[in-house]
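Notes follow the structure.
The values are calculated or read from the model by the stated rules, or taken from the named source; none is laboratory data. Bear in mind the structure is a predicted one, so any value in this text is a computation, not a measurement. Positions of Cβ are generated from backbone atoms using ideal geometry, with glycine treated the same way; all protein chains shown enter the neighbour counts. Heavy atoms of the whole protein, side chains included, go into the accessibility calculation; ligands, DNA and RNA do not. Shrake-Rupley method; radii C 1.70, N 1.55, O 1.52, S 1.80 Å.
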Amino acid sequence: MWYLCVFYHRLLDYRKPEFESLADLFGAFGDKRSSDFNTQDKVLQWRLPKHHHPDSPFHFVHLPYEDVARKIANRSILVKGIYELWGEGNDFEELEEAVKSYPDERKLPYLEYESTFKITVDSFGKVLSLQEQNERIQGLSYIPFKGRVNLKNPDHNFWLMETDENETNNGLPPVVKRRIFFGREIGGADRKLIPMYQLKTRNYLGPTAMDAEMAFLMANQAQAAPGKLVYDPFVGTGSILVSAAHFGAMTMGADIDIRVVRDGRGPDCNVWSNFKQYGLPMPIGLLRADNNLPPWRPGLKEVFDGIICDPPYGVRAGGRKSGGRKLLKGIVSPYTVPDDKRADHIPSTAAYTLVECVHDLLDLAARMLVMGGRLVFFYPVLREDGSVETHFPEHPCFKLVATSEQMLSSRYSRVLLTMVKTSLYTEELALAARIKHLEFRENHLKWLENGNLHSSVFSPADAESGDSKVSKESKLKYRGKYV
């Protein structure tokens, strides 16, 4: 059945990937346990309303059951609401004709005497006064509502939504003609999660803590759910694991800095205290571990259902791996820390380039993720002359199912990559992955090979080039950092 999906007008590139990940989680593509379940057919049908731009918040989506639509809407961060559309039109006369022609067997069960209802008027691109909203509600008198009005806790919510007629780039996606929708609400996002988990109220915070909204989006992309084990190899202050734990997943993390995972800022201000603050289940373990030298024993594999992380790529924090410069250069030999100094010992580390970090992350995920498990991580992209290189990391064990870009400046953006494990890890595939890694040049740019992303991002190249004015004018006004 076709439903009207209305998104929040923000993070546009993240909307459909999050929706499709949740659709897969809630069984929109069939039973994964069934023998006829085909992983290649996981594609939702989408279409736009008449005269609407692809960046419009209004989309039609085909879903098999209303229960699936409700679960997606209630879990999503970017879905404002999913509706059973009773009618649409360019004006109220056309809308009335469409609603009257909608099958009575679909309408009448929600118009009974015993039920209560509420009608909400919403608009996109303009603001309606209270008087205009009341006039529009009065204009729906042709719908035979028999129940009582209940504004606080109705049995059924109905929405009248309209878009403004606009052909210019005034900060919103262009709409050639006005469009009006009326439908019954199936479900909607709980945006109360965002202020509840916002970073400014977080007990333990670090310079690279993931924004709450983005952390929840990453958890949805990884399909965090009860009974699943989610791992973050760059856990830091635990922001990503907090979002996964909120959705019921078991969590586990690691970080190379033992001071972060063991000490924090004291017994009441550490990673564990963040989980305690929200009443969430504690992680089953936090390790001092190096992504370059994973601590897992050789016989242990396929234990994680999802790996979610924000690798250190050198903008706010650079990557580190075990071994100081002298040790890596062979100037000094490997040593064993005496027992009496282990408690306060901080291991020496060396620079860890993004090329090496991503390769190790993919290898870890290939070994440790279950079949169908998801790897979700951010990958940096540097824009040159307004273009974006789309050559992303690859691994023969994984299929890239979604990419979502967030522009952070005129020259720099980060892309959220979602990969699904489709093949078992073997030595042959490990060799093939190594060959891909050797051939791969991160975005084919020198700054990634050298790990010098920070200087490239913050250099005044835009001002020197003289093209900044052109790039600013060509950029759509509504496509910013959070849109």
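Taking a threshold of 29 Å on the Cα-Cα distance, which of the pairs Lys50/Lys421; Lys71/Lys152; Lys329/Lys436 fall above it?
Working: Lys50/Lys421 38 Å; Lys71/Lys152 22 Å; Lys329/Lys436 26 Å.
From the list (Lys50/Lys421; Lys71/Lys152; Lys329/Lys436), the Cα-Cα distance tops 29 Å for Lys50/Lys421.
Mean 1/r over all different Cα pairs, inverted: what Kirkwood radius does region 259-376 give, in Å? Provide the component values of the computation, followed by the final result.
Values: mean 1/r = 0.0594 Å⁻¹.
It works out to 16.8 Å.
Here region 266-424 exposes an accessible surface that is 52 percent carbon and sulfur, computed with a 1.4 Å probe and the other protein chains kept in place.
Scanning residues 5 or more positions from Gly87 or on other chains, those with amide H under 5 Å from its amide H are Phe182, with H placed 1.01 Å from N in the peptide plane. Heavy-atom accessible surface of region 43-107, averaged per residue, reaches 45 Å², computed with a 1.4 Å probe. Between Glu97 and His51, the distance separating the two model label sites (each 7 Å from Cα on the Cα→Cβ line) works out to 1.5 nm. Which residues in region 227-247 place their backbone N less than 13 Å from a point set 7 Å from the Cα of Asp190 along the Cα-to-Cβ direction? Counting backbone N atoms under 13 Å from the label point, the list is 246-247.
Counting only C-alpha contacts under 8 Å and six or more residues apart, can you give the relative contact order of region 317-383 as a whole percent? Provide the component values of the computation, followed by the final result.
Working: 33 pairs, mean separation 25.7, N = 67.
Contact order relative to length: 38 percent.
Quick check on region 118-165: what does the Kirkwood estimate of hydrodynamic radius come out to from the alpha carbon pairs, in Å? Write down the numbers at each step before the final one.
Values: mean 1/r = 0.0844 Å⁻¹.
About 11.9 Å, per the Kirkwood formula over Cα pairs.
Label-to-label distance for Leu424 and Ile284 is 2.2 nm, based on points extended 7 Å past Cα in the beta-carbon direction. Decide, for region 247-287, between rounded, prolate and oblate: order the square roots of the alpha carbon gyration tensor eigenvalues as a ≥ b ≥ c, take rounded if a/c falls under 1.5, and otherwise choose prolate if a/b is larger than b/c, else oblate. In terms of gyration-tensor shape, oblate. Projecting the Cα positions of Ser123, Phe92, Tyr197 onto the charge dipole of region 91-209 (unit charges on Cβ atoms of Lys, Arg, Asp and Glu, taken about the Cα centre) puts Tyr197 furthest along the positive direction. On region 137-246, 51 percent of the accessible area sits on carbon and sulfur atoms, based on a 1.4 Å probe.
Over region 124-256, with the other protein chains present, what is the accessible area per residue in square angstrom, probe 1.4 angstrom?
Values: 5620 Å² over 133 residues.
About 42 Å² of surface per residue is accessible.
For the pair Met1 and Arg434, what calculated FRET efficiency results from E = 1/(1 + (r/R0)^6), where r is the Cβ-Cβ distance and R0 = 56 Å, to the nearest 0.05? Present the calculation step by step, with values, prior to reporting the outcome.
Working: r = 47 Å, r/R0 = 0.84.
Here the calculated transfer efficiency is 0.75.
Kindly report the accessible area of region 262-312 per residue (heavy atoms of protein chains, probe 1.4 Å, no ligands, DNA or RNA), in Å². Before the final figure, lay out the partial values.
Numbers: 2720 Å² over 51 residues.
Counting only protein heavy atoms, the per-residue value for region 262-312 is 53 Å².
So what is the relative contact order for region 210-252, in percent, with contacts set as C-alpha pairs under 8 Å and at least six apart? Mind dumping the intermediate values first?
Details: 55 pairs, mean separation 20.1, N = 43.
RCO, region 210-252: 47 percent.
Amide H contacts of Ala249 (H built 1.01 Å from N, in plane; Pro and chain starts excluded): Ala225 sit under 5 Å, all sequence-distant by 5 or more or on other chains.
Subtracting the Cα-Cα distance of Gln198 and Asp211 from 0.36 nm times their residue separation leaves 4.0 nm of extension gain. Along region 291-305 the Karplus relation, 6.51 cos²θ - 1.76 cosθ + 1.60 evaluated at θ = phi - 60°, assigns HN-Hα couplings of 4, 7, 10, x, x, 6, 6, x, x, 8, 7, 6, 10, 9, 8 Hz to successive residues, with x for each Gly and Pro.
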